[in-house]
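Below is one structure, written out as structure tokens; the observations come after it.
The values are calculated or read from the model by the stated rules, or taken from the named source; none is laboratory data. No experiment lies behind these values; they were computed from the predicted model shown. Neighbour counts run over all protein chains shown; Cβ positions are idealised from the backbone, glycine included.
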């Protein structure tokens, strides 16, 4: 009505906060983000409230970072999902900006996110145990046309391809058929550097003058 004063119309607002940060390959297994240690992409990260209810799910980007946005204030923890043979490194070895926060199950401690705050210190370091690295190297394997199947260890591993001839196009592909790299064979004993690859099955194809050929791994 004209002249009437309304005093019961309300509006609630909040400043959104965010949580993130980094998953890396802890090459020396010391639990600290050392210079030169690479981030790990495509790691699944889940964000939970303190009650255990799932808030959001995401993955790390190409550099190993993740971030959850538009969060209300409250208590949260992250959970990182990695596949064997990866395991989580030591926790709380460096300062808050360089340590790993994930326990052996991939869960971080609870953190209290203030109104509109940005918390970029929930990190996880992962590595492959040494005994698995030693057992992962394949022996020389005879293969049939068209592909050589290898199961590389991504932590620090090289293998030698015994090509049938030099000067031929070599292609490294993942299990889905995506091309990882191509090169021309310079010798009959090509050293293939597998460092930096995710764990999985890969194929090497050599194209000969008549089409695709085969190679062996040593």
Discussion item. If I filter the range 53-100 down to residues being at pLDDT below 95, farther than 15 Å from residue 119 by Cα and more than 20 Å from the chain's Cα centre (by Cα), which single residue comes out as surrounded by the fewest Cβ atoms within 10 Å (Cβ to Cβ)?
Written reply: 92
Worksheet item: How many residues are closer than 14 Å to residue 100 by Cα and either in contact with a helix residue (DSSP H, G or I) (Cβ under 6 Å, 6 or more places away or on another chain) or not in a strand (DSSP E or B) (or both) when one looks only at the range 39-58?
Response: 1
